[in-house]
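A.B. asks: There's a structure below that I have some questions on.
The values are calculated or read from the model by the stated rules, or taken from the named source; none is laboratory data. Keep in mind it's a predicted model, so treat the numbers as computed, not measured. Positions of Cβ are generated from backbone atoms using ideal geometry, with glycine treated the same way; all protein chains shown enter the neighbour counts.
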Amino acid sequence: MIPIRDNQPSNCIPVVTYILMGINLLIFVLQIQIGFNNEVFFYSYGLVPAKYTVPEMARHFSTGNQFFSIFSYMFLHGGFLHFIGNMWFLYIFGDNVEDHFGALRFLGFYLICGIISGLFHFILNPVSMVPTIGASGAIAGVMGAYFLLYPKSRILTIIPIIIFPWFVEIPAFIFLGIWFFIQFINAAGSSAGSGIAWWAHIGGFVAGLAMVKLNKNLPQTGSKEKIRQFTTKKHTPRLQMIVASGSPDNPDLYGNINITSIEAIAGTNKMVTIPWGFYKPLYRVKIPPGVKQGTRLKLSGMGKSMQNGIKGDMYLVVNVKNAI
């Protein structure tokens, strides 16, 4: 399953998510120059449990290196697909989780999930001499947080059927639940030298769940609101996915479209995609200037087609974010 996008809007620019992606990109470019076959580099900056438990190996690494490896391993990748896959999942799920925690707490959340993920792998494989690298554990924590925070969000997903891609919208709790189940099955059937730290993924996911619960009990410092003054989005995404609803005997359909208060004042144009099974057409929607919260826009002829030939309309309710 490959996620394409979610329909959970975020109100702020995910600055930390973009910074983390940028750091990973810079280090990946450095890895390209160094070479992915450079074992010394991976043993030096990857997480190798034997560096801490096997005296013959531990003596080759300083205490500073052993400490730094707990952080550095989560910024290394083993190849292009490894890097792209991790960054794509961070891009899909990171913005909403950062929106919930705030920039500074999200940074701490991400690093702590990565550390716990590494420790989880270490505890279950204490004498492994295989370097563990990748942002997967920290990103698994992001996915665990998303699972709790936005379970009803819908993930537009590609499922390959032989050679044909099947586009389907999956509720987040099902998508992430399947992902977690796959990690668990692979972890249960893998060995310490399998090359993929499946238990680290599980540890990161569980850490993300726990951190969401813990965050509710932490006092607010006010930094989240101060940073939001500079990161709040002035525009909603130009392309939006509409989840339509209606009754079986009524050809009309109803949905919501999100805009910011600035867009409500000035007016804007949006492109919306409305799922109809395998067919997902694009429609252009003009938002007139001066619309208010709850305004209904009528899209003629875009409702259901009934057996008697009657075709209904679609009504989009305007949802103004950051209303002023």
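A.B. asks: Does Ser117 meet the test of being out of contact with any strand residue (DSSP E or B) (no Cβ under 8 Å at 6 or more places or on another chain), polar (S, T, N, Q) and modelled with pLDDT of 90 or more?
C.D. replies: Answer is yes for this residue.
A.B. asks: How do the pairs read when you match residues in the range 270-296 that are surrounded by 13 or more Cβ atoms within 10 Å (Cβ to Cβ) with residues anywhere that are modelled with pLDDT of 75 or more and among the acidic types (Asp, Glu), using Cβ under 7 Å and keeping only pairs 6 or more apart or on different chains?
C.D. replies: Pro275/Glu169; Ile287/Glu263
A.B. asks: Let me ask another. May I ask you to list pairs of residues, at least six apart or on different chains, whose Cβ atoms are under 9 Å apart, with the first in the range 171-183 being in contact (Cβ under 8 Å) with a residue 40 or more places away in the chain and the second being of a type in the set (Ser, Thr, Tyr)?
C.D. replies: Within 9 Å, the pairs are Ala172/Tyr146; Ala172/Tyr150; Ala172/Ser153; Phe175/Thr157.
A.B. asks: Counting only residues that are surrounded by 16 or more Cβ atoms within 10 Å (Cβ to Cβ) and either at pLDDT below 90 or small (Gly, Ala, Ser) (or both), how many does the range 39-61 have?
C.D. replies: Final tally of qualifying residues: 3.
A.B. asks: Within the range 46-61, can you find the residues that are in a helix (DSSP H, G or I), in contact with a Phe, Trp or Tyr (Cβ under 9 Å, 6 or more places away or on another chain) and without any contact (Cβ under 8 Å) to a residue 40 or more places away in the chain?
C.D. replies: The answer is Lys51, Ala58.
A.B. asks: Another question, if that's okay. Of these, Thr232, Thr295, Thr236, which one is modelled with pLDDT of 85 or more and either more than 27 Å from Cys12 (Cβ to Cβ) or not acidic (Asp, Glu) (or both)?
C.D. replies: Thr295
A.B. asks: When the residues of the range 62-121 are narrowed to those that are assigned to a loop (DSSP other than H, G, I, E, B) and touching a residue at least 24 places away in the same chain (Cβ under 8 Å), which ends up surrounded by the most Cβ atoms within 10 Å (Cβ to Cβ)?
C.D. replies: Per the criteria, the residue is Leu76.
A.B. asks: Another question, if that's okay. Quick check on the range 302-317: of everything there that is part of a strand (DSSP E or B) and either of a type outside the set (Val, Ile, Thr) or within 7 Å of Pro251 (Cβ to Cβ) (or both), which residue is modelled with the lowest pLDDT? Don't jump to the end; show me each part of the working.
C.D. replies: Keep residues of the range 302-317 that are part of a strand (DSSP E or B), which gives 305, 311, 314-317.
With the extra rule that they be either of a type outside the set (Val, Ile, Thr) or within 7 Å of Pro251 (Cβ to Cβ) (or both), the set shrinks to 305, 311, 314-316.
Numbers: Ser305: 78, Lys311: 82, Met314: 85, Tyr315: 90, Leu316: 90.
Checking each candidate, the answer is Ser305.
A.B. asks: From Ala197, Ala210, Ala192, Ala187, grab the single residue that is under 20 Å from the mean Cα position of the chain (by Cα), farther than 30 Å from Arg296 by Cα and modelled with pLDDT under 85.
C.D. replies: On the way: Ala210 fails: modelled with pLDDT under 85; Ala192 fails: under 20 Å from the mean Cα position of the chain (by Cα); Ala187 fails: under 20 Å from the mean Cα position of the chain (by Cα).
After applying the criteria, what remains is Ala197.
A.B. asks: Another one. For residues that are among the hydrophobic types (A, V, I, L, M, F, W, C) and part of a helix (DSSP H, G or I), scanning just the range 122-136, find the one that is nearest to Leu20 (Cα to Cα).
C.D. replies: Across the range 122-136, the extreme among qualifying residues is Phe122.
A.B. asks: Pick from Phe28, Phe36: which is in contact (Cβ under 8 Å) with a residue 40 or more places away in the chain, more than 12 Å from Asp95 (Cα to Cα) and part of a loop (DSSP other than H, G, I, E, B)? Walk me through it before giving the result.
C.D. replies: Numbers: Phe28 fails: part of a loop (DSSP other than H, G, I, E, B).
Sole residue among the options that is in contact (Cβ under 8 Å) with a residue 40 or more places away in the chain, more than 12 Å from Asp95 (Cα to Cα) and part of a loop (DSSP other than H, G, I, E, B): Phe36.
A.B. asks: Could you check the range 218-249 and list, in sequence order, the residues that are over 30 Å from Tyr283 (Cβ atoms), in a loop (DSSP other than H, G, I, E, B) and among the hydroxyl-bearing types (Ser, Thr, Tyr)?
C.D. replies: Thr221
A.B. asks: Any idea how many residues of the range 275-292 are modelled with pLDDT of 80 or more, assigned to a loop (DSSP other than H, G, I, E, B) and not β-branched (Val, Ile, Thr)?
C.D. replies: Total satisfying the criteria: 4.
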